[in-house]
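My structure is below; once you've seen it, I'll send some questions.
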Amino acid sequence: MKGAATGWPRVKLSDVLTRSTQIVEPMVDQKYREITVRLWGKGVVERGRLLGASFSGRRFVAHAGQFIASRIDARNGAMGLVPASLDGALVSNDFPLFDVRADRLFPQYLGWMCRTASFVELCARASEGTTNRVRLKRTDFLDLEIALPSLPEQQCIVARIDEIAGQLADAQTLQDAVLREACELCRALMREPGAIGTPLRELVSLRAPNVSVRADLNYHFAGVYSFGRGVFVGNTKSGTEFAYPRLTRLRTGDFVYPKLMAWEGAFGIVPPECDGLVVSTEFPVFEPNLSRVLPAVLDVHFRNPALWAGIGSASTGTNVRRRRLNPQDFLDLELPLPSMERQQLLAATYQGVQEANARQSESRVMLQALLPAILDRAFAGAL
């Protein structure tokens, strides 16, 4: 690892980790928490809670502060420390557990180290097997060597990483708060005194499908995220990969939703990057009457979570996961329509919010890239 360049002594993991072997036989009528480990250092989390009857054989008992890795995905960064909230949870043999020798290795030091690219690379080298059957070999893993400073140095490094990681988290929290407040400002602009509830059929027109599908052509689809997250660029499919004989081509400013997921807030105005993409006939597409309603007004209105329960009531179907909002029922919905002057103010504000959101997305990517770079420096002794 890069830390070797600092002159830190090298130790085998077997010198600082010991395999935990505490095993229980789950009782059939008792519930147990089960652990899984996310890829790329994203954390050790609860998979779910199961009755003992659901387990096929004995399970290992995890304890807070232990190191855990996925035999299958350690080569993809699936490892970390067991959090206090999962003390006593169970894992299968595919998630080996290790006690940390705290007299030599500060557990939080290992918790950060295992998120570095160099440590993940070591785990990949200690994994063997054929395609889709690659597994971390415990003996090879424990034979791996790391560069290890003294305990006081480890604690100082962890304190510095914690400080920086906290600052990055605070920056992300602040960005999210600013965006939430900006969205609330847009919703506030919708609430104009005296606004009259206007049926959507007076404000938008349903567009008919206008693309005849050919088997020899490819079609680039758009999709709509649930929970007010808007329209996105989807996959390209051959005309032989789906059964719809006709599609609808989208235009910037169109309003679209999937019939099946509308009740979960899957609505949106088509952004410029989705202009010219297509959707199936399961996605009604509407053209706003710009003399009555601006696209931003529709977007802000239907991204409001307070509205979605009413959408669910207007959707048909007995199974909660199969409720559908048909176009005619959608057109019967009413929108408290602000004056055009207020709409124009809202549209200008919303445009600013969208631009700020785009900048924040870029900033978020940069913030997410900072921590891996900081970890690399920390474990090279350069932080």
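If I build a Gaussian network model for the chain, linking alpha-carbon pairs within less than 10 angstrom, which residue out of LEU298, LEU345, LEU217 has the largest mean-square fluctuation?
Among LEU298, LEU345, LEU217, the largest mean-square fluctuation in the Gaussian network model of the chain belongs to LEU217.
Please list the non-local residues whose amide H lies under 5 Å from the amide H of VAL285, H modeled 1.01 Å from N, same-chain partners needing a gap of 5 or more.
Residues meeting the amide H criterion: ARG207.
Toward the positive end of the charge dipole of the stretch 14-91, about the Cα centre and with charges on Cβ (Lys, Arg +1; Asp, Glu -1), which of LEU90, ALA74, LEU51 goes farthest?
About the Cα centre, the residue reaching furthest to the positive side is ALA74.
Using the Cα centre of the stretch 17-96 as the reference point, and only Cβ charges (+1 on K/R, -1 on D/E), how large is the resulting charge dipole? Debye, rounded to the nearest 20.
180 debye
With +1 on each Lys and Arg Cβ and -1 on each Asp and Glu Cβ, how big is the dipole of the stretch 196-337 about its Cα centre, in debye rounded to the nearest 20?
Dipole magnitude for the stretch 196-337 comes out near 280 debye.
Continuing with the same structure: So how far, in whole Å, is the C-alpha centre of the stretch 231-262 from the one of the stretch 129-169?
That distance is 45 Å.
Using just the helices of the chain, give the 222 nm mean residue ellipticity in deg cm²/dmol: DSSP H runs with n ≥ 4 each add -39,500 (n - 2.57), and the total is spread over all residues, rounded to 500.
Helices in the chain give a 222 nm mean residue ellipticity of -10500 deg cm²/dmol.
If you don't mind, there's one more thing I want to ask. Tally Lys/Arg at +1 and Asp/Glu at -1 over every other residue whose Cβ is under 10 Å from the Cβ of ASN210; what's the total?
Surrounding charge for ASN210 is +3.
Quick one: net charge of ASP15's neighbours, Cβ under 14 Å, K/R +1, D/E -1?
Overall, the nearby charge balance is +1.
While we're looking at this one, here's another question. Can you give the FRET efficiency to the nearest 0.05 for ASP140 and ALA53, using r as the Cβ-Cβ distance and R₀ = 51 Å?
For ASP140 and ALA53, the calculated efficiency is 0.90.
Arrange ILE311, ILE374 by Cβ neighbour counts within 10 Å, fewest through most, would you?
Taking fewest neighbouring Cβ atoms as first place, the list is ILE374, ILE311.
Could you list ILE196, ILE68 in order of exposure, starting from the residue whose Cβ has the fewest other Cβ atoms within 10 Å?
The most exposed by this proxy come first: ILE196, ILE68.
Can you list residues whose amide H is under 5 Å from VAL204's amide H, if they're 5+ apart or on another chain and H is modeled 1.01 Å from N?
ASN289
Something else about it: Once amide H atoms are placed 1.01 Å from N in the peptide plane, what residues at a sequence separation of 5 or more from SER238, or on another chain, have their amide H within under 5 Å of its amide H?
TYR219
Using the crude model of +1 on Lys and Arg Cβ and -1 on Asp and Glu Cβ, and no other charge, please compute the dipole size for the chain relative to its Cα centre, in debye to 20.
Dipole about the Cα centre, nearest 20: 920 debye.
Label 7 Å along Cα→Cβ of SER339; the stretch 155-191 residues with amide nitrogen under 17 Å?
189-191
Follow-up question, since we're still on this one. Describe numerically, in nm with one decimal, the distance between label points set 7 Å from Cα along Cα→Cβ at LYS31 and at LYS12.
If labels sit at LYS31 and LYS12, their model points lie 4.4 nm apart.
Relative to the longest principal Cα axis of the chain, at what angle does helix 151-190 sit, 0 to 90 degrees, rounded to 10?
Here the helix axis deviates by roughly 10 degrees.
Taking the 0 to 90 degree range and rounding to the nearest ten, how far is the long axis of helix 340-378 tilted relative to the main principal axis of the chain, both from C-alpha atoms?
So the helix axis and the longest Cα principal axis differ by about 10 degrees.
Report the net charge of residues surrounding THR36, where surrounding means a beta-carbon distance below 9 angstrom and charges are Lys +1, Arg +1, Asp -1, Glu -1.
After counting each charged neighbour, the total is 0.
Considering the convex hull of the alpha carbon atoms of the stretch 2-148, report its projected area averaged over all viewing directions, in nm², one decimal.
With the hull built on Cα positions only, its mean projection is 8.7 nm².
Mind sorting HIS63, HIS301 by how few other Cβ atoms lie within 10 Å of their own Cβ, fewest first?
With the fewest neighbours first, HIS63, HIS301 line up as HIS63, HIS301.
In addition: Convex hull over the alpha-carbon atoms of the chain: what's its volume per residue in Å³?
Roughly 197 Å³ of hull volume per residue.
Percent relative contact order of the chain, based on C-alpha pairs within less than 8 angstrom and at least six residues apart?
It rounds to 16 percent for the chain.
Every number here is computed from the coordinates shown, using simple stated rules; none is lab data. Not measured: the values here are computed from a predicted model. Please note: Cβ atoms are built from the backbone with ideal geometry, for glycine as well, and neighbour counts cover all protein chains shown.
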